[in-house]
Amino acid sequence: MSIVETRSLGLYQVIKVQDDQAPEVRPGQFHMLSATVGWGGEGGGRPWLARAISFLSSDGNGGIEFLVDGIGPGTRQLALLKQGDQLDLVGPLGNGFPELAASEETTPCLVAGGIGIAPILALSQQLALAGTEHDLILGFRNAEFADAAAAWPDATVATDDGSVGEQGTVMAPLARALDAGPRTVYACGPPLMLEAVRSRCEESDTPAWFALEAPMACGFGACFGCAVETKNGIVRLCVDGPVISGSVLAGITSTGRVDGQ
Amino acid sequence: MSVNFCGIELAHPVVNSSGTFDPLAARRAFGDAAFTNFPFSAHVTKTITVAARQGNRPPRLWEAPTSLINSIGLPNKGIERWLAEDYPQLRELPVPLIVNVMGFDTDELIQLVGAVAQLADVVAIELNVSCPNVETGTIIGSDPDECSRTVNAVRGLTTLPLIVKLTPNATDPAAVALAAQEAGADAISMINTLRGLALDPTTLEPWLGGGTGGVSGPAVKAVALAQTASVCAAVSIPIIGMGGIDSGHAAREFLAAGATLVAVGTASFTDPTAGSRISAELGAMTAH
């Protein structure tokens, strides 16, 4: 599939494809992405497996934007792709964030950190289109990354160094939101941040949904590789997730392994 | 390109490796086309055990150059739930069904083979012998005597073809294959994954939850091809060759080494339709 547009968003790269045959996508779902040409070209023949990437936005007419942080052999190659380059795409995969029940009397509170902003901004876009008021809290390391937030003027932004928005993590704005009234939290970001959010939501009995990440080979339930431990045993993030209810999580870690449950 | 394997007529020689393609998951993700345009000429199930298994603790995957190291640990719902929930759906596949089982002792294996042999839509049974003898600790597939005893224990239970899935982690896979043949196995499939270790780049501790893992992918193809050629020379029963096959050319190499069928494994992870592509490429090559 041809890439129709690329642009930078802070230190991240946006890749847009147009697929008129694409099924409807739900925020929180992901695709397996690999470059059609040159994939595997980095040192030692990596990357080899496709990379699971959430979409940042969808125009409802087959135009989908992915957000890539070029930090490893696979994401670096994806981030180097230009308009007209070919992208192999399998998806949409996974469950996505649950639909809000019409009877829901809580306000959605969306919390994201770093590259985790992609599915959260997709959800924010969907809620905004439906006219649903919601909180949007975005955390970044510093101004270079936080450039991405400029496109979302309604977001509350926190940076570790205070260069943009308030100084600190997403936890202070989250606490203010939880104090303001009943909330349902939707979160994506690094495991340490998600664990802090999960623990805070657990303390206040706040329903919460987490878009998690794990090393993934196939993305559609065949390899059983993307295992994460929950209170209900091991689940596969690609088919049982990637969005998991906080009610079944005893902890969120970078390995998927949670001790002491 | 149709081929006869143990009396079973298959449309082409490309099947899937056990545990690398789940038709039910594929149908949920990609719709009915995953069944109707099934990429393989037969479906080999993921290993089924007597008891349900969660599998190994995460992390379970590590990407290495053109390979994958996995420590999955045979998660499955156990034979009873598989019979009740999965088999009725799998029998709707447009291709024959080969069921892969593993017993942790002889009684378990007898129970599994006995149950599967009764199923009308199963055409063959594959024995995963990459497990230890619980009394001696020896990996059954690494030892000719152990392998012989295992095949003997179930040979009389069924007239269905019995396929022994060999491990490459053996001193002499050809001797194990020969022992399997003499004990009455109808075919050999090979190779299972090669034992490998991935270290966390920061801590230098084992990365995988299970400690070591199994290496698959194009990086193991040369090893698989050598072992396949060696086993094909030693036995007269048919071989399902596999290990890093990701193209029609690679499939053709295993057939040239003497395999009757080839299996595609890890390639289906990077492209769920890899089996169709590989059989089409193979067909185009052999047509000339």
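The values are calculated or read from the model by the stated rules, or taken from the named source; none is laboratory data. None of these values were measured; they are calculated from a predicted model. Here Cβ is always computed from backbone atoms with ideal geometry, including for glycine, and neighbour counts include all displayed protein chains. The area values use the complete protein model at the heavy-atom level, side chains included, leaving out ligands, DNA and RNA. Shrake-Rupley method; radii C 1.70, N 1.55, O 1.52, S 1.80 Å.
Considering every residue within the range B:176-191, establish whether at least one is out of contact with any helix residue (DSSP H, G or I) (no Cβ under 9 Å at 6 or more places or on another chain) and over 22 Å from B:Ser279 (Cβ atoms).
Among the residues of the range B:176-191, at least one is out of contact with any helix residue (DSSP H, G or I) (no Cβ under 9 Å at 6 or more places or on another chain) and over 22 Å from B:Ser279 (Cβ atoms), which makes the answer yes.
Go through the range A:31-86 and report how many residues are within 14 Å of A:Val14 (Cα to Cα), of a type in the set (A, V, I, L, M, F, W, C) and over 20 Å from the mean Cα position of the chain (by Cα).
2
I need a count of the residues in the range A:148-162 that are touching a Phe, Trp or Tyr at 6+ places or on another chain (Cβ under 9 Å) and open to solvent by 50 Å² or more (accessible area, probe 1.4 Å).
So the count comes out to 1.
Can you report the number of residues in the range B:221-259 which are in a helix (DSSP H, G or I) and open to solvent by less than 10 Å² (accessible area, probe 1.4 Å)? Steps first, please.
Within the range B:221-259, the subset in a helix (DSSP H, G or I) is B:221-234, B:248-256.
Filter again for open to solvent by less than 10 Å² (accessible area, probe 1.4 Å), leaving B:224, B:228, B:231, B:248, B:250-251, B:254.
Summing the residues that are in a helix (DSSP H, G or I) and open to solvent by less than 10 Å² (accessible area, probe 1.4 Å) in the range B:221-259 gives 7.
Listed residues B:Leu178, B:Leu157; which is in a helix (DSSP H, G or I), open to solvent by 40 Å² or more (accessible area, probe 1.4 Å) and of a type in the set (A, V, I, L, M, F, W, C)?
Checking each option against the conditions leaves just B:Leu178.
Give the residue that is farthest from the other protein chains (Cβ to nearest Cβ), with candidates limited to residues of the range A:208-238 that are closer than 16 Å to A:Pro27 by Cα and touching a Lys or Arg at 6+ places or on another chain (Cβ under 7 Å).
Going through the qualifying residues, I end up with A:Ala208.
Could we say that B:Ile98 is open to solvent by less than 10 Å² (accessible area, probe 1.4 Å) and in contact (Cβ under 8 Å) with a residue 40 or more places away in the chain here?
yes
Of A:Ala128, A:Ala112, A:Ala118, which residue is assigned to a helix (DSSP H, G or I) and either touching a residue at least 12 places away in the same chain (Cβ under 8 Å) or touching a Gly at 6+ places or on another chain (Cβ under 6 Å) (or both)?
After ruling out the rest, the residue left standing is A:Ala118.
With respect to the numbered conditions (1) more than 14 Å from chain B (Cβ to nearest Cβ); (2) more than 17 Å from the chain's Cα centre (by Cα); (3) under 23 Å from A:Ala118 (Cβ atoms); (4) surrounded by fewer than 24 Cβ atoms within 10 Å (Cβ to Cβ), which one is the sole condition not fulfilled by A:Asp205?
Result: A:Asp205 fails condition (3) only.
Out of all the residues in the range B:64-75, which are over 14 Å from B:Gly210 (Cβ atoms) and more than 9 Å from chain A (Cβ to nearest Cβ)?
Of everything in the range B:64-75, nothing turns out to be over 14 Å from B:Gly210 (Cβ atoms) and more than 9 Å from chain A (Cβ to nearest Cβ).
Within the bounds of the range A:215-234, is there any residue that is within 30 Å of B:Thr66 (Cα to Cα), surrounded by fewer than 24 Cβ atoms within 10 Å (Cβ to Cβ), free of Cβ contacts under 8 Å to residues at least 12 places away in the same chain and among the hydrophobic types (A, V, I, L, M, F, W, C)?
Within the range A:215-234, one or more residues are within 30 Å of B:Thr66 (Cα to Cα), surrounded by fewer than 24 Cβ atoms within 10 Å (Cβ to Cβ), free of Cβ contacts under 8 Å to residues at least 12 places away in the same chain and among the hydrophobic types (A, V, I, L, M, F, W, C).
Just need a number here: residues in the range A:242-259 that are without any contact (Cβ under 8 Å) to a residue 40 or more places away in the chain and either within 13 Å of chain B (Cβ to nearest Cβ) or among the basic types (Lys, Arg) (or both).
4
Taking the range A:221-261 as the region of interest, how many residues are within 16 Å of B:Pro75 (Cα to Cα), among the hydrophobic types (A, V, I, L, M, F, W, C) and within 18 Å of the chain's Cα centre (by Cα)?
6
Tell me, which residue of the range B:11-27 that is within 17 Å of the chain's Cα centre (by Cα) and not in a loop (DSSP other than H, G, I, E, B) is farthest from the other protein chains (Cβ to nearest Cβ)?
B:Val14
Which condition breaks for B:Thr286 when tested against (1) touching a Lys or Arg at 6+ places or on another chain (Cβ under 9 Å); (2) within 24 Å of B:Leu61 (Cα to Cα); (3) surrounded by fewer than 18 Cβ atoms within 10 Å (Cβ to Cβ)?
(2)
Have a look at B:Ala274, B:Ala256, B:Ala250, B:Ala263 and point out the one that is hydrophobic (A, V, I, L, M, F, W, C) and without any contact (Cβ under 8 Å) to a residue 24 or more places away in the chain.
B:Ala256
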